[in-house]
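Everything below concerns the one structure shown next.
The values are calculated or read from the model by the stated rules, or taken from the named source; none is laboratory data. A quick note: this is a predicted structure, and the numbers were derived from the prediction, not measured. Quick reminder, even Gly has a Cβ in these numbers, built from the backbone with ideal geometry, and neighbours come from all protein chains shown.
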Amino acid sequence: MLRWSALSVALVVCLFIGLSIGEQWINPFALSDALESTILWELRFPRLLTAFAVGGLLALAGAWFQVLLGNPLAEPYVLGVAGSASAGAVSGLMLLPGSAWIMSLGAFIGAWIGIMFVMFFSHLGANRMLLAGVVLAAFWSAVLALLLALLPEQGLFRAFSWMMGDLSHSDIPVSVLLIAWAIALICGLVLSRSLDLLLLGERHAEALGVDVKKLRQRLLLLASAVTALAVTAAGTIGFVGLVIPHLMRLLFGSLHRAVLPASAIGGGLLLVMADSAARTVNAPAELPVGILTAIIGVPVFLFLLLRRS
Amino acid sequence: MKELLTLSNLAVERAGRTLLSELSCSFRAGEVVVILGPNGAGKSSLLLALAGLIPSSGEINLQGRALNHYSRHELSMQIAWQGELPPTEFGLTVNQRLNLAVAEESEAIEEVAQTMDIQALLQRPLGELSSGERQRTELAALMLRDAPIWLLDEPTAHLDLKHQIQCVQMMKTQCESGRAIITVLHDIQQAMAVADHLILVDGKGGAEYGEAEQLFAGQRLTQLFDAPVIHQGALLVPDYGKRI
């Protein structure tokens, strides 16, 4: 109970800081003029919610992939979905360099092509599937490298900035991301007992009544779709999906009825804080948020890991 | 005694190799059947086939209905399987592991934890336990299951002498309470202590089912393992020879 209270307090504090901080500090409870109101509610607030939803989706996908593949090192991009999405985004940029939304559309199409490849291997056991995913990821990196080599110079900055995570101009409406966050969390909670049983290994889960084949397919589709949405909204933001589920297991135990909601909130918090830092540290210029997720998250995670051991 | 599980011409193949063919027998409530055979002969695979966890040919009938007509959930109500130790990467505690064996929070957890001497370990992660402690946790999880059929794959593996004896006694008690227990064992003494019937698996596709007393009496085990097994009074023991 104490931990949930701490997470709730952290949520309120982070949302407050996320709203207030920026090139200019704005207190949401004491707005001085219409400009501040516009900056706060029309620029920072939607971006903060986007960061929260994307972070939560990535953390949920990470938790699912870790169980699905029976490997705590798994993360949302492990099966190559991020690589295919990036390749799609860069292809879009090559075809229609002037379009504002073409990278998101390309990423979405690319992510689903990646998912279709992954689903083709869904019948394999966890280890082989992981191996297939690593090989697919290598394939998509090669395709991406080829596309980047062919991309005209003026498109390179936009491509790299997107690939390192960019929340500044998400083409997916905030409402869609928040609804997806809620649906993903509910789906996760519905599957939570089956996920817990899967922690015992596929044989034990099956012997305890889980239809493992069906569960794996559903989980793979769900985790991939969530990853595709997050990548489309904000590019590839590493680290959140790998570390937040671990962090939440350290704090809330291994059972998914606690790990999933805690990850959905914790992932959101990390990305809100990272994005707040990304747009403040070097203001008015912005740093890629993916760099900040690692800079904030790594010390916190290592500290908890050392304290625990 | 009521027949719970019936096999007709059961055949099990793994990786293109026939491990068992044409095994026909019945398992009854209140009876222990021990599966014996050399390494790699297909003992564990037979258990997995009986649990419906790997494909097999022939017929397996569970309480009058073909095994493959049961859903996974229905099967889990009828059959409890104990096999390899679960992975420890995700930090499950002993208490959480035991809770996963039952559908709802159960007071019986304390009781079985006491029986298996793991009450002091309940809050510890599985990864911090020795193999013997993890095996005792698995046996405690098994005891929480209501299933009338238990399939046990080397339940005494990793256990010290005290807990091996306790495990054998537990099998006897559970059998007396009406369960059918089918178990793989490597220790002949333990097999002699619990078995009503034996299934001898030779690893070349052959499997023989029979009364334990009869099969223990002759030279059948010496042939099966291609190793000296000698009779010492009522006991059958491996002949390790003497130190030179």
**Item:** Residue in segment A:204-218 that is within 14 Å of chain B (Cβ to nearest Cβ), within 21 Å of residue B:122 (Cα to Cα) and of a type in the set (Val, Ile, Thr) present
**Value:** no
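Is it the case that residue A:80 is surrounded by 15 or more Cβ atoms within 10 Å (Cβ to Cβ) and either more than 14 Å from chain B (Cβ to nearest Cβ) or modelled with pLDDT under 85 (or both)? Talk me through it step by step, then tell me what you get.
Values: surrounded by 15 or more Cβ atoms within 10 Å (Cβ to Cβ): yes; either more than 14 Å from chain B (Cβ to nearest Cβ) or modelled with pLDDT under 85 (or both): yes.
Here the answer is yes, as residue A:80 does meet what is asked.
Name the residues in segment A:164-186 that are surrounded by fewer than 23 Cβ atoms within 10 Å (Cβ to Cβ), touching a helix residue (DSSP H, G or I) at 6+ places or on another chain (Cβ under 6 Å) and part of a helix (DSSP H, G or I), would you? Walk me through how you get there before you give the answer.
To start, the set of residues in segment A:164-186 that are surrounded by fewer than 23 Cβ atoms within 10 Å (Cβ to Cβ) comprises A:164, A:168-176, A:178-180, A:182-183, A:185-186.
In the following step, the residues that additionally are touching a helix residue (DSSP H, G or I) at 6+ places or on another chain (Cβ under 6 Å) were identified as A:164, A:170-172, A:174, A:178, A:180, A:185.
Matches in segment A:164-186: A:174, A:178, A:180, A:185.
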**Request:** Look through A:229, A:271, A:260, A:221 and report the one residue that is of a type in the set (A, V, I, L, M) and either free of Cβ contacts under 8 Å to residues at least 60 places away in the same chain or surrounded by fewer than 21 Cβ atoms within 10 Å (Cβ to Cβ) (or both).
**Result:** A:221
**Item:** Residues of segment A:199-218 that turn out to be in contact (Cβ under 8 Å) with a residue 12 or more places away in the chain and buried (at least 24 other Cβ atoms within 10 Å of the Cβ), as a count
**Value:** 2
**Message:** When you scan segment B:208-215, do you find a residue that is free of Cβ contacts under 8 Å to residues at least 60 places away in the same chain and surrounded by fewer than 12 Cβ atoms within 10 Å (Cβ to Cβ), even just one?
**Reply:** yes
**Request:** Give the residues of segment B:79-102 that are within 23 Å of residue B:182 (Cβ to Cβ) and either surrounded by fewer than 19 Cβ atoms within 10 Å (Cβ to Cβ) or of a type in the set (S, T, N, Q) (or both), sorted by residue number.
**Result:** B:82, B:84, B:85, B:102
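Do we have residue B:37 as more than 9 Å from every other protein chain (Cβ to nearest Cβ) and buried (at least 18 other Cβ atoms within 10 Å of the Cβ) here? Outline the logic, then answer.
Working: more than 9 Å from every other protein chain (Cβ to nearest Cβ): yes; buried (at least 18 other Cβ atoms within 10 Å of the Cβ): yes.
Judged against the criteria, residue B:37 is a match.
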**Item:** Breaking point among (1) under 22 Å from residue A:267 (Cα atoms); (2) in contact (Cβ under 8 Å) with a residue 12 or more places away in the chain; (3) among the hydrophobic types (A, V, I, L, M, F, W, C), for residue A:93
**Value:** (1)
**Prompt:** What is the residue count in segment A:1-17 for residues that are over 18 Å from residue A:51 (Cβ atoms) and in a helix (DSSP H, G or I)?
**Reply:** 7
**Message:** Among (1) farther than 18 Å from residue B:204 by Cβ; (2) crowded, with 16+ Cβ neighbours inside 10 Å, there is one condition residue B:1 misses while meeting the rest; what is its number?
**Reply:** (2)
**Asked** Does residue B:158 count as over 24 Å from residue A:249 (Cβ atoms), part of a helix (DSSP H, G or I), of a type outside the set (A, V, I, L, M, F, W, C) and more than 11 Å from chain A (Cβ to nearest Cβ)?
**Response** no
**Request:** Specify the residue that is farthest from the other protein chains (Cβ to nearest Cβ); the eligible residues are those in segment A:188-198 that are in a helix (DSSP H, G or I) and crowded, with 18+ Cβ neighbours inside 10 Å.
**Result:** A:188
**Asked** Which number in (1) part of a helix (DSSP H, G or I); (2) under 20 Å from the mean Cα position of the chain (by Cα); (3) more than 27 Å from residue A:156 (Cβ to Cβ) marks the one condition that residue A:113 misses?
**Response** (3)
